[in-house]
Amino acid sequence: MIKVENLNKWFGPNHAVNGVSFNVNKGEVLGFLGPNGAGKSTTMRMITGFIPVDEGSITIGGFDIDEDPIKAKSLMGYLPENAPAYSDMTVTAFLRFIASLRGLSGSDRTIAVEKVIETCFLQAVRHQPIETLSKGFLHRTCFAQSIIHDPEVLILDEPTDGLDPNQKYEVRNLIKRMSERKAIILSTHILEEVDAVCSKVIIINNGKLVADGLPTELKKRSAMADSVIVKLNNAKYDDVSSRLEGIDGVDSVMCLIENEYFCSARVIPKKTGENYQNGLAEKIYHEANDAGWEICELKTDEGRLDDVFRSITTSDVSEGTK
Amino acid sequence: MSGTVSNISAVTKKELYSYFVSPVAYVFMIIFLILTGFFTFMLGGFFQRNEANLASFFLWHPWLYMFLVPSVGMRVWSEERRSGTLELLFTLPITAWQAILGKFIAGCVFLFLCLSLTFPMVLTVNHLGDPDMGAILCGYIGSFLVAITFLAISGLTSSLTRNQVISFIISLVLCLLLILAGWPPITDLFVKWAPIWVVDFVAACSIIPHFEGLQRGVIDSRDIVYYLSLIIFSLFSTSVVLRSRKTS
């Protein structure tokens, strides 16, 4: 549905977006990550046709955004950063206005407006002027605007920014529910969100694509990926470390907590390219049983996206400054 | 085609809604009506003239519009830019031209409404004498054309900046220049060094002679072309500015 090829954008001497390419198909949710100022919003503004593309091409459902902007735009719903809306209008009037520009009229328009008011939980504020809304309601009003015509493509720039935890949960569920029938791009710097809703992730830094893959694949890049955390009652860390380090394939053991009741340790496997995930935990289990320790926690760390994010985006900055 | 019309009318309706939901429209109307009355009767000497026409009424219109119309037009685009709704508007399936026309038409409707509320003047002059209604109608057409020309100009200055005060001042100065262009002190500036055609051109830019013709009841196609070309030029420039400066 969304095809971005070799996208470039300059703001004066500043190369804001540098050769970014990716595809998003129907049924996929692409998480678009990057530190602030990495070029996320610029890329999204180019995809939605708000700012012109300097080099490269963007096609939405087969329509080029430069050559056929109206057709491409009509397939898209867009939630801009900071959720702008006409502050003097009421929520209903605003949604009716957007629906008219989306080509809806008469009873179709009324139905569409009622439906998004319900989906986005806006019943309580529907007759309130937008300038009097709290940030959460404002955000949901703007979100409602983006899905009013049930678009095939949805571009969301920080969709949960400024929402409280309950609202974040609701919005994520909404995105997940819609994702089966749509191609969605969402930018965020909240990494838990990627875990919660995205089926694909790209990380962009200084305008360049630095990582691209499934969330689980990216997590594997974390230094802590595949390590096993074990918490043992009635065990001393020194005994634990010496016994566990003896296991084949273990690189090192780190102490996390030790006190008179229990000790907790992280066992890091050797990076041999093999998958230790199940094997290592099992070996530790047997080893602990043999030693007579009581296991009260044993789990394999999947790796953390924010470790990967930090290592990718900060190493790139230091390379850039050299 | 139907998409074009419905897009334009959606924008027009939304703009009119914005005019009347805020106090701007009411303040503007009341001040416009008070000032037209004041200028006509006190400064224009409506009764002293002892003529059954609205010359003293129309005389002040360009000056009033010079202040009031930029105050209506200044927010048209700068507000969109400041609040970020420009991004919303231009990622909807609507062309820049449709948005510009929609907003311009809404402003025209509003100014038409204000102008039509001066109907008691027409009743008054009819009560006191037997005026030439054709000339009055032409005067109204001229006055409306001056107003919407200024509206197009303030729309242009509004698209240039996100600051409404700057937009207001620049459009006020441009409107003042249009009013004064034919005035000797301005033409004298050019007479000493510029070729005669430049002087003629500057003088021809003045809005006053084109308005005076209409007030006398003469609809000259040159006057109409003058207003239309100023309007089209301003709207076209607005579209160029919006297209090139969306990002800033």
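Please enumerate the residues belonging to the stretch A:45-89 that are of a type in the set (Ser, Thr, Tyr) and within 22 Å of residue A:160 (Cα to Cα). Those that are of a type in the set (Ser, Thr, Tyr) and within 22 Å of residue A:160 (Cα to Cα): A:48, A:78, A:86, A:87. The single condition among (1) crowded, with 19+ Cβ neighbours inside 10 Å; (2) more than 8 Å from chain B (Cβ to nearest Cβ) that residue A:128 does not satisfy is (1). The condition of being at pLDDT 90 or above, over 17 Å from residue B:94 (Cβ atoms), among the small types (Gly, Ala, Ser) and touching a helix residue (DSSP H, G or I) at 6+ places or on another chain (Cβ under 8 Å) holds for only one of A:93, A:99, that being A:93. Of everything in the stretch A:226-250, what is surrounded by fewer than 17 Cβ atoms within 10 Å (Cβ to Cβ) and in contact with a Ser or Thr (Cβ under 9 Å, 6 or more places away or on another chain)? Give them in sequence order. If the condition is that a residue be surrounded by fewer than 17 Cβ atoms within 10 Å (Cβ to Cβ) and in contact with a Ser or Thr (Cβ under 9 Å, 6 or more places away or on another chain), then A:245, A:249 are the ones that fit.
Going by the conditions given, is residue B:33 more than 19 Å from residue B:231 (Cβ to Cβ), touching a helix residue (DSSP H, G or I) at 6+ places or on another chain (Cβ under 8 Å), more than 9 Å from chain A (Cβ to nearest Cβ) and in a helix (DSSP H, G or I)? Judged against the criteria, residue B:33 is a match.
Could you check, for the stretch A:131-147, whether at least one of its residues is of a type in the set (Asp, Glu), out of contact with any Asp or Glu (no Cβ under 6 Å at 6 or more places or on another chain) and more than 13 Å from every other protein chain (Cβ to nearest Cβ)? Checked the stretch A:131-147: no residue is of a type in the set (Asp, Glu), out of contact with any Asp or Glu (no Cβ under 6 Å at 6 or more places or on another chain) and more than 13 Å from every other protein chain (Cβ to nearest Cβ).
Condition check ((1) touching a residue at least 60 places away in the same chain (Cβ under 8 Å); (2) among the β-branched types (Val, Ile, Thr); (3) on the phi > 0 side of the Ramachandran plot; (4) open to solvent by 10 Å² or more (accessible area, probe 1.4 Å)) across all residues:
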site	(1), (2), (3), (4)
A:164	no, no, no, yes
A:172	no, no, no, yes
A:180	yes, no, no, yes
A:188	yes, yes, no, no
A:195	yes, no, no, yes
A:198	yes, no, no, yes
A:202	yes, yes, no, no
A:210	yes, yes, no, yes
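The set of residues in the stretch A:98-108 that are out of contact with any Pro (no Cβ under 9 Å at 6 or more places or on another chain) and either within 9 Å of chain B (Cβ to nearest Cβ) or buried (at least 20 other Cβ atoms within 10 Å of the Cβ) (or both) comprises A:98, A:99, A:100, A:105.
Each residue in the stretch A:275-309 was checked for being modelled with pLDDT under 80, in a helix (DSSP H, G or I) and open to solvent by 40 Å² or more (accessible area, probe 1.4 Å), and 4 pass. Looking only at the stretch B:167-193, residues that are modelled with pLDDT under 90, surrounded by fewer than 14 Cβ atoms within 10 Å (Cβ to Cβ) and among the aliphatic types (A, V, I, L, M) come to 2 in all.
Residue A:112 meets the conditions (1) of a type outside the set (D, E, K, R); (2) closer than 30 Å to residue A:64 by Cβ; (3) in contact with a helix residue (DSSP H, G or I) (Cβ under 8 Å, 6 or more places away or on another chain); (4) within 13 Å of chain B (Cβ to nearest Cβ) in every case but one. The failed one is (4).
Taking the criterion of being facing another protein chain (nearest Cβ under 7 Å) and either free of Cβ contacts under 8 Å to residues at least 12 places away in the same chain or open to solvent by 50 Å² or more (accessible area, probe 1.4 Å) (or both), the residues of the stretch A:58-97 that qualify are A:70, A:74, A:82, A:93, A:97. Taking the condition within 28 Å of the chain's Cα centre (by Cα), in contact (Cβ under 8 Å) with a residue 24 or more places away in the chain, within 13 Å of chain B (Cβ to nearest Cβ) and buried (at least 17 other Cβ atoms within 10 Å of the Cβ), does residue A:117 pass? No; evaluated as a whole, the condition is false for this residue.
Considering only the stretch B:1-16, I want to know if a residue exists there that is farther than 30 Å from residue A:131 by Cβ, at pLDDT below 90, part of a loop (DSSP other than H, G, I, E, B) and open to solvent by less than 10 Å² (accessible area, probe 1.4 Å). Within the stretch B:1-16, not a single residue is farther than 30 Å from residue A:131 by Cβ, at pLDDT below 90, part of a loop (DSSP other than H, G, I, E, B) and open to solvent by less than 10 Å² (accessible area, probe 1.4 Å).
Each residue in the stretch A:3-56 was checked for being in contact (Cβ under 8 Å) with a residue 60 or more places away in the chain, over 21 Å from residue A:200 (Cβ atoms) and either surrounded by fewer than 16 Cβ atoms within 10 Å (Cβ to Cβ) or out of contact with any strand residue (DSSP E or B) (no Cβ under 8 Å at 6 or more places or on another chain) (or both), and 1 of them qualify. Report yes if residue A:223 is of a type in the set (A, V, I, L, M, F, W, C), open to solvent by 20 Å² or more (accessible area, probe 1.4 Å), touching a Lys or Arg at 6+ places or on another chain (Cβ under 6 Å) and outside any strand (DSSP E or B), otherwise no. The answer is no for residue A:223. Selection of the stretch B:189-248 for residues being small (Gly, Ala, Ser) and in a helix (DSSP H, G or I) yields B:203, B:204, B:213, B:221, B:229, B:234, B:237, B:239, B:244.
When the stretch A:226-245 is examined, which residues are found to be assigned to a loop (DSSP other than H, G, I, E, B) and either without any contact (Cβ under 8 Å) to a residue 24 or more places away in the chain or under 26 Å from residue A:306 (Cα atoms) (or both)? Can you show your working first?
Going residue by residue through the stretch A:226-245, those that are assigned to a loop (DSSP other than H, G, I, E, B) are A:226-227, A:234-236.
Answer for the stretch A:226-245, where residues must be assigned to a loop (DSSP other than H, G, I, E, B) and either without any contact (Cβ under 8 Å) to a residue 24 or more places away in the chain or under 26 Å from residue A:306 (Cα atoms) (or both): A:226, A:227.
Which residues, counting only those in the stretch B:52-73, are more than 28 Å from residue B:164 (Cα to Cα), in contact (Cβ under 8 Å) with a residue 60 or more places away in the chain and open to solvent by 10 Å² or more (accessible area, probe 1.4 Å)?
Initially, the stretch B:52-73 is screened for residues more than 28 Å from residue B:164 (Cα to Cα), giving B:52-59.
Then drop every residue that is not in contact (Cβ under 8 Å) with a residue 60 or more places away in the chain, which leaves B:52-55, B:57-58.
Passing the criteria: B:52, B:53, B:55.
If you go through the stretch A:119-148 one residue at a time, how many are outside any loop (DSSP other than H, G, I, E, B) and aromatic (Phe, Trp, Tyr)? Before you say what the answer is, go through the steps one by one.
Kept after step one, since they are outside any loop (DSSP other than H, G, I, E, B), are these residues of the stretch A:119-148: A:119, A:123-125, A:129-132, A:135-147.
Now drop any that are not aromatic (Phe, Trp, Tyr), which leaves A:137, A:143.
Adding up the residues that qualify gives 2.
Regarding residue B:116, is this residue without any contact (Cβ under 8 Å) to a residue 24 or more places away in the chain, over 30 Å from residue A:78 (Cα atoms) and under 18 Å from the mean Cα position of the chain (by Cα)? Spell out the reasoning first.
Working: without any contact (Cβ under 8 Å) to a residue 24 or more places away in the chain: yes; over 30 Å from residue A:78 (Cα atoms): yes; under 18 Å from the mean Cα position of the chain (by Cα): yes.
For residue B:116, the condition - without any contact (Cβ under 8 Å) to a residue 24 or more places away in the chain, over 30 Å from residue A:78 (Cα atoms) and under 18 Å from the mean Cα position of the chain (by Cα) - is met.
The values are calculated or read from the model by the stated rules, or taken from the named source; none is laboratory data. Treat the numbers as computed from the prediction; the structure is a model and nothing was measured. Here the Cβ is made from the backbone with ideal geometry for all residues, glycine too, and neighbour counts use every protein chain on show. Note: areas computed on protein heavy atoms with side chains; ligands, DNA, RNA excluded. Shrake-Rupley method; radii C 1.70, N 1.55, O 1.52, S 1.80 Å.
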